[in-house]
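K.L.:
Before I ask anything, let me first share the structure, which is written out below as structure tokens.
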2 protein chains.
Amino acid sequence: MGDVAWIAVDWGTSHLRAWLMSRDGAVIEARSSAAGMGTLERGGFEPALQALVGDALPAPVLACGMVGSRQGWAEAPYTAVPCAPPGASEAVQVPDTALNVRILPGVKQTKPADVMRGEETQIAGYIATHPGFDGVICLPGTHTKWVHISAGEIVSFRTAMTGEMFALLSSQSVLRHSMADGWDDAAFMAGVDQTLSRPEALAAALFSLRAEGLLDALPGDAARARLSGLLIGAELAAMRPYWLGQQVALIGAETLSDAYAAALAAQGVPCHTAGAQDMTLAGLTAAYTQIYGEAA
Amino acid sequence: MGDVAWIAVDWGTSHLRAWLMSRDGAVIEARSSAAGMGTLERGGFEPALQALVGDALPAPVLACGMVGSRQGWAEAPYTAVPCAPPGASEAVQVPDTALNVRILPGVKQTKPADVMRGEETQIAGYIATHPGFDGVICLPGTHTKWVHISAGEIVSFRTAMTGEMFALLSSQSVLRHSMADGWDDAAFMAGVDQTLSRPEALAAALFSLRAEGLLDALPGDAARARLSGLLIGAELAAMRPYWLGQQVALIGAETLSDAYAAALAAQGVPCHTAGAQDMTLAGLTAAYTQIYGEAA
């Protein structure tokens, strides 16, 4: 292992990821564990970090995500919009540890009330790697965020629980009996069309998946893809002010981002995509550079 | 125990209810157990029935609900709309048992695809106890049904998974952290207003419950009631063709029916209410009378 200058950490509810970074900004090694915030008591954070990257400590650590929530290791209070994605000056030093650990805050919006933790660092990464970017960023996931960026600042944002709804409905509701593991592009697009044009249709359209499974032997792949389409279509209807007439940058897992891109392309909205982990690392690197100065 | 002429049985996914009936149509005794269809293998139905009402057998049994599904005791194939609620002539005799058990079928609709099992018997009960009823019946529950009745027939119907969505979101999603057990009428009505007037708002409005809990200390009672209101408002938006300018008969649990009645009253829609178990028993009694003739 080369000389570790610092450790970039993405610490969410269900995962802990760390990158051992060299002085010139290169990744020496990437590691991850399942020790997400949701699995830890307050006293469990330092041991979890030691278990993952103990051999590289006491290199300074810069972290983002739910680790900075009230239930996390140390609370990093939200920064309010409009604001640049929080950076070095807003990072909170974790007390009561001999380690040098800083946590980047999340971002809040008062009206309508909304919050993010972790996505703000991906946004910082996107802005750092796309200087001068102005427009809309969508971060598809469990809680998909739509973010309006102007002059390097987060102006406003909204969250849709589309990913969590899909997980609950496809694996825990009566619809689970109608689902298979595969996918069907046409069924996905049909679902998007239905709720994007008539968002009120969602309530009745969901149970139709079950009924068509019973009566028409609707294939499980088509049912799963249409469920995703119905939910994403309803989300796009809610978020129309964000994407209408815009270019959209999608930051997320590839398969999910591709689904959003297809749905938006059908509305004439061009999309760029970027990987969520790449952007997290770019955002952490930008903040680290603010703290410790340019590499070398 | 008096002389049991027959046994009325409501056998759903999660419950088994039986009424021991006298020859003149009176309830001698009501019993119930947790031996719902969802807990039973095919060979488990007869023992479950014996365990609950063995002392009254071999009196004839007339049952409705999921017991007649493909995964039930014996399949009673759906009757297709438009149709009167299935009665004596469509009841299926359970084979391979020395007992005399008949099961009433559910009802299906081809376009849009939809199904019901159990509710058709409540509808039969409502028609039997309200002769000449023409209009709309709403059966709030896990899967709420909206049913158009004309000249004693089910003309069309639609299902909304509102109850199941509420259960999943309030107890299994991130919103569970923001929920208390109580209720807040004003918050409920505010939720209904929001999604009934702008159904596309649902996707973003859900996560606001969490964000307002974090940022504004939204009380858990208000969060729970507004979640219910948002979902019921979205359902009412989908079902507008059913209730607009109509009277609505609500058949369901009292608290839930009251919530629907309040939401509909705000739209100028008058409601009547009837108890779900009362209507099930009335429907089973009407069908029994068709089979065995009038009492006495």
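K.L.:
Could we say that residue B:94 is at pLDDT 95 or above and under 25 Å from residue A:178 (Cα atoms) here?
P.N.:
No; evaluated as a whole, the condition is false for this residue.
K.L.:
Has the range B:136-148 got any residue that is open to solvent by less than 40 Å² (accessible area, probe 1.4 Å), out of contact with any Asp or Glu (no Cβ under 6 Å at 6 or more places or on another chain), within 11 Å of another protein chain (Cβ to nearest Cβ) and touching a residue at least 60 places away in the same chain (Cβ under 8 Å)?
P.N.:
Looking for residues that are open to solvent by less than 40 Å² (accessible area, probe 1.4 Å), out of contact with any Asp or Glu (no Cβ under 6 Å at 6 or more places or on another chain), within 11 Å of another protein chain (Cβ to nearest Cβ) and touching a residue at least 60 places away in the same chain (Cβ under 8 Å), one finds at least one in the range B:136-148, hence yes.
K.L.:
Ok, one more. Please find, among A:130, A:177, the residue that is at pLDDT 95 or above and open to solvent by 50 Å² or more (accessible area, probe 1.4 Å).
P.N.:
Numbers: A:177 fails: at pLDDT 95 or above.
Of the residues listed, the single one that is at pLDDT 95 or above and open to solvent by 50 Å² or more (accessible area, probe 1.4 Å) is A:130.
K.L.:
Can you name the helices (runs of 4 or more DSSP H) wholly within the range B:177-295 that have at least 3 residues being away from chain A (no Cβ under 14 Å)? Lay out the reasoning, then the answer.
P.N.:
Values: elements: B:185-197, B:202-216, B:220-238, B:240-243, B:254-265, B:276-292.
The helices (runs of 4 or more DSSP H) meeting that bar are B:185-197, B:220-238, B:254-265, B:276-292.
K.L.:
Turning to a different aspect of this structure: Please tell me if residue A:70 is on the phi < 0 side of the Ramachandran plot and modelled with pLDDT under 95.
P.N.:
Details: on the phi < 0 side of the Ramachandran plot: yes; modelled with pLDDT under 95: yes.
Taking the combined requirement at face value, the residue satisfies it.
K.L.:
Identify all residues within the range B:214-261 that are touching a residue at least 40 places away in the same chain (Cβ under 8 Å), under 26 Å from residue B:280 (Cα atoms), in contact with a strand residue (DSSP E or B) (Cβ under 8 Å, 6 or more places away or on another chain) and of a type in the set (A, V, I, L, M); write none if there are none.
P.N.:
B:239, B:248, B:249, B:250, B:251
K.L.:
I'd like the full set of residues that are in a strand (DSSP E or B) and open to solvent by 20 Å² or more (accessible area, probe 1.4 Å), limited to the range A:101-110. So that I can check it myself, show each step before the final result.
P.N.:
Of all residues in the range A:101-110, those in a strand (DSSP E or B) come to A:101-103, A:107-109.
The answer is A:102, A:108.
K.L.:
For residue B:251, indicate whether it is open to solvent by less than 10 Å² (accessible area, probe 1.4 Å) and of a type in the set (Val, Ile, Thr).
P.N.:
Values: open to solvent by less than 10 Å² (accessible area, probe 1.4 Å): yes; of a type in the set (Val, Ile, Thr): yes.
For residue B:251, the condition - open to solvent by less than 10 Å² (accessible area, probe 1.4 Å) and of a type in the set (Val, Ile, Thr) - is met.
K.L.:
Scan the range B:216-248 for residues that are open to solvent by 10 Å² or more (accessible area, probe 1.4 Å) and among the acidic types (Asp, Glu) and jot them down.
P.N.:
B:216, B:221
K.L.:
Could you tell me whether the range B:41-52 includes any residue that is at pLDDT 95 or above and in contact with a helix residue (DSSP H, G or I) (Cβ under 8 Å, 6 or more places away or on another chain)?
P.N.:
Yes: one or more hits.
Per-residue answers, yes or no, for (1) at pLDDT 95 or above; (2) more than 22 Å from residue A:255 (Cβ to Cβ); (3) among the hydroxyl-bearing types (Ser, Thr, Tyr):
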{"residue": "A:139", "(1), (2), (3)": "yes, no, no"}
{"residue": "A:150", "(1), (2), (3)": "yes, yes, yes"}
{"residue": "A:154", "(1), (2), (3)": "yes, yes, no"}
{"residue": "A:166", "(1), (2), (3)": "yes, no, no"}
{"residue": "A:169", "(1), (2), (3)": "yes, no, no"}
{"residue": "A:201", "(1), (2), (3)": "no, yes, no"}
{"residue": "A:210", "(1), (2), (3)": "yes, yes, no"}
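K.L.:
Quick check on residue B:119: is it within 26 Å of residue B:253 (Cα to Cα) and open to solvent by 10 Å² or more (accessible area, probe 1.4 Å)? Write out each step before concluding.
P.N.:
Details: within 26 Å of residue B:253 (Cα to Cα): yes; open to solvent by 10 Å² or more (accessible area, probe 1.4 Å): yes.
Criteria met by residue B:119.
K.L.:
Looking at (1) open to solvent by less than 10 Å² (accessible area, probe 1.4 Å); (2) under 13 Å from the mean Cα position of the chain (by Cα), can you tell me which one residue A:188 breaks?
P.N.:
(2)
K.L.:
Of the residues that sit in the range B:81-90 and are at pLDDT below 95 and more than 19 Å from the chain's Cα centre (by Cα), which one is nearest to residue B:289 (Cα to Cα)?
P.N.:
Applying the filter and picking the extreme gives B:88.
K.L.:
Also: Which condition breaks for residue A:41 when tested against (1) surrounded by fewer than 18 Cβ atoms within 10 Å (Cβ to Cβ); (2) touching a Cys at 6+ places or on another chain (Cβ under 7 Å)?
P.N.:
(2)
K.L.:
Still on this structure, please answer the following. Would you point out which residue out of A:167, A:98, A:88, A:113 is surrounded by fewer than 18 Cβ atoms within 10 Å (Cβ to Cβ), among the aliphatic types (A, V, I, L, M) and within 11 Å of chain B (Cβ to nearest Cβ)? Explain how you work it out, then say what you get.
P.N.:
Working: A:98 fails: within 11 Å of chain B (Cβ to nearest Cβ); A:88 fails: within 11 Å of chain B (Cβ to nearest Cβ); A:113 fails: surrounded by fewer than 18 Cβ atoms within 10 Å (Cβ to Cβ).
From the options A:167, A:98, A:88, A:113, the qualifying one is A:167.
K.L.:
Just for strands (runs of 3 or more DSSP E) wholly inside the range B:1-80: which have at least 2 residues that are more than 19 Å from the chain's Cα centre (by Cα) and touching a residue at least 12 places away in the same chain (Cβ under 8 Å)? Spell out the reasoning first.
P.N.:
Details: elements: B:6-11, B:16-21, B:27-33, B:61-64.
Of the strands (runs of 3 or more DSSP E) lying wholly inside the range B:1-80, those with at least 2 residues that are more than 19 Å from the chain's Cα centre (by Cα) and touching a residue at least 12 places away in the same chain (Cβ under 8 Å) span B:6-11, B:16-21, B:27-33.
K.L.:
Just to check your reading of the model, which residue among B:55, B:3, B:10 is of a type outside the set (A, V, I, L, M), touching a strand residue (DSSP E or B) at 6+ places or on another chain (Cβ under 6 Å) and not assigned by TED's automatic domain parsing to the domain that holds residue B:280?
P.N.:
Numbers: B:55 fails: touching a strand residue (DSSP E or B) at 6+ places or on another chain (Cβ under 6 Å); B:3 fails: touching a strand residue (DSSP E or B) at 6+ places or on another chain (Cβ under 6 Å).
Answer to the selection: B:10.
The values are calculated or read from the model by the stated rules, or taken from the named source; none is laboratory data. Model, not experiment: these values are computed from the prediction. Positions of Cβ are backbone-derived with ideal geometry, glycine not excepted, and every protein chain shown enters the neighbour counts. Accessible surface areas use protein heavy atoms only, side chains included; no ligands, DNA or RNA. Shrake-Rupley method; radii C 1.70, N 1.55, O 1.52, S 1.80 Å.
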